[in-house]
Amino acid sequence: MTEQSETQRPVHCSGCGIKLQAGHRDQPGFIPEVAYERDPVICQRCFRIKNYNEASSVSVNQDEFLRLLSSVGEKNALVIHIVDLFDFEGSLISGLQRFVGNNPVILAVNKCDLLPKVTNWNKLRNWMQQRCKEHGLRTAEIVLCSAKRNQGFDHLLEAVTSLRGQRDVYVVGATNVGKSTLINRLISDYSDLEQELTTSRYPGTTLDTVRIPLDDGHYIIDTPGIVYPWRYSELVERQDLEAVMPSNPLKPAVYQLNEGQTLFFGGLGRFDFVQGERQSFTCFVSGTLKIHRTKLERADSLYAEHRGEMLSPPGTDRMDKLPQWQRHEFRVSRGSQTDLFISGLGWIKVNGTEGAVLAIHVPRGVKVLTRPSLI
Ligand SMILES: Nc1nc2c(ncn2[C@@H]2O[C@H](COP(=O)(O)OP(=O)(O)OP(=O)(O)O)[C@@H](O)[C@H]2O)c(=O)[nH]1
Ligand SMILES: [Mg+2]
């Protein structure tokens, strides 16, 4: 350590990027005086997340974040855009191209460990390419990876090395997609840096940009996640997050249904097979979420009677915090393989038969769409 750095205190938390302050215990960035002695220097919130897995939410100013994103376009930068494979359409930054200008973009599709082991990865990559094209996103490379299980990192590093040149690397994405986990993985496996970014299973962990120096004088930059209100993970209370976000590989649940049957996903959503020939539907949702089958004609009364109890989560004390349900109706064409996608909750794979009519009920505001089947 140099003499100068011994007397100079860090200004920002090395875990989450927030500006440090020792004056107000109840405000973001608080650090007790004595904790400045520790190495690395982190705020009290990060200390608690790291040591006690404690949740504490702070809202990040979204305007500031959009300003940061816009400024990337004016810099000479390599952009790694991380999306969550489980919530692809919910976590993709639409319009990213507008922000990044001519800078190259690597799309890192994270949490691949959540898909069944038998997945056809080449097909998946083509699928991603198609979706990027539809969203007008030009990618220099698409990498399928898992920051948690250390998969796909050789490919990612190769892409970063060949595209970086004399550039800083910006890591951007929605909240909770694994930006900080992925950077930690990169710096622990491929450099001697001791720094560790704070990660947690709750969205909104990183609060400001964190600049991590690389060997050549450039930086890799972690950023706070963008809050997209249409993702179920932003909507549910923390106690219910586990039920929506899978932590183990998805086990597809197949249901043979006749028309006039309904599936409830706990008390979080509902799927109606309104009309069509008997067929199978495959549900890809967190294994901790109970699926309950009933008759469509009974569904409304069942929900009214049992929400918060048999149909939970959310429990009785939390269900009124979610917006009213809205019904979305879909028709799928014959022979098509379609997913009914619910942002942050999962999807239902449908093999289209003539004239099938389907409906999804979820709280107003949650993004629901159809897409060609992911797998
Ligand atoms: N299953 C799985 N979970 C992951 C993976 N990568 C990260 N996670 C989990 O996702 C959660 C969020 O990770 P973070 O690294 O904090 O995400 P972030 O994008 O930095 O989040 P913010 O700072 O809130 O924007 C944590 O619970 C991680 O363990 C992965 O590859 N697979
Ligand atoms: Mg983070």
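The values are calculated or read from the model by the stated rules, or taken from the named source; none is laboratory data. Please read all numbers here as calculations on a predicted model, not as lab measurements. Note that we place each Cβ from the backbone using ideal geometry, even for glycine, and neighbour counts take in every protein chain shown. What goes into the accessible areas is simple: the full protein's heavy atoms, side chains included, and nothing from ligands, DNA or RNA. Shrake-Rupley method; radii C 1.70, N 1.55, O 1.52, S 1.80 Å.
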Subset of the range 137-156 [assigned to a loop (DSSP other than H, G, I, E, B) and away from ligand 1 (no atom under 11 Å from the Cβ)]: Leu137, Arg138, Thr139, Ala140
Looking only at the range 332-365, and only at residues there that are closer than 30 Å to Val227 by Cα and in a loop (DSSP other than H, G, I, E, B), the one that is most open to solvent (accessible area, probe 1.4 Å): Arg364
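I need the helices (runs of 4 or more DSSP H) fully contained in the range 164-259, keeping only those with at least 3 residues that are within 10 Å of ligand 2 (Cβ to nearest atom) and open to solvent by 10 Å² or more (accessible area, probe 1.4 Å).
179-190
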Selection count, the range 233-265, where residues are modelled with pLDDT of 95 or more and within 19 Å of Gln324 (Cα to Cα): 4
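Sort through Leu157, Leu107 and tell me the only one that's surrounded by 14 or more Cβ atoms within 10 Å (Cβ to Cβ), on the phi < 0 side of the Ramachandran plot and either under 21 Å from the mean Cα position of the chain (by Cα) or touching a residue at least 40 places away in the same chain (Cβ under 8 Å) (or both).
Details: Leu157 fails: either under 21 Å from the mean Cα position of the chain (by Cα) or touching a residue at least 40 places away in the same chain (Cβ under 8 Å) (or both).
It is Leu107.
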Residues of the range 174-202 satisfying the condition of being among the β-branched types (Val, Ile, Thr), touching a residue at least 40 places away in the same chain (Cβ under 8 Å) and farther than 27 Å from Gly95 by Cα: Thr198
Contacts under 6 angstrom Cβ, first residue in the range 34-60 being more than 13 Å from Leu20 (Cβ to Cβ), partner assigned to a helix (DSSP H, G or I), 6 or more apart: Glu54/Arg48; Ala55/Arg238; Ser56/Arg45
Number of the condition not met by Ser91 [criteria: (1) open to solvent by 20 Å² or more (accessible area, probe 1.4 Å); (2) touching a residue at least 40 places away in the same chain (Cβ under 8 Å); (3) of a type in the set (Ser, Thr, Tyr)]: (1)
Every residue from the range 139-153 that is touching a strand residue (DSSP E or B) at 6+ places or on another chain (Cβ under 7 Å) and either on the phi < 0 side of the Ramachandran plot or modelled with pLDDT of 95 or more (or both): Thr139, Ala140, Glu141, Ile142, Val143, Leu144, Cys145, Ser146, Ala147
Failed criterion for Ala140 (all others in (1) open to solvent by less than 10 Å² (accessible area, probe 1.4 Å); (2) farther than 26 Å from Leu345 by Cβ; (3) of a type in the set (Gly, Ala, Ser) hold): (1)
Conditions (1) farther than 30 Å from Phe99 by Cβ; (2) open to solvent by less than 30 Å² (accessible area, probe 1.4 Å): number failed by Cys43: (1)
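Of Arg278, Arg318, Arg270, Arg293, which residue is of a type outside the set (A, V, I, L, M, F, W, C), touching a helix residue (DSSP H, G or I) at 6+ places or on another chain (Cβ under 8 Å) and surrounded by fewer than 19 Cβ atoms within 10 Å (Cβ to Cβ)?
Values: Arg278 fails: touching a helix residue (DSSP H, G or I) at 6+ places or on another chain (Cβ under 8 Å); Arg270 fails: surrounded by fewer than 19 Cβ atoms within 10 Å (Cβ to Cβ); Arg293 fails: touching a helix residue (DSSP H, G or I) at 6+ places or on another chain (Cβ under 8 Å).
Answer to the selection: Arg318.
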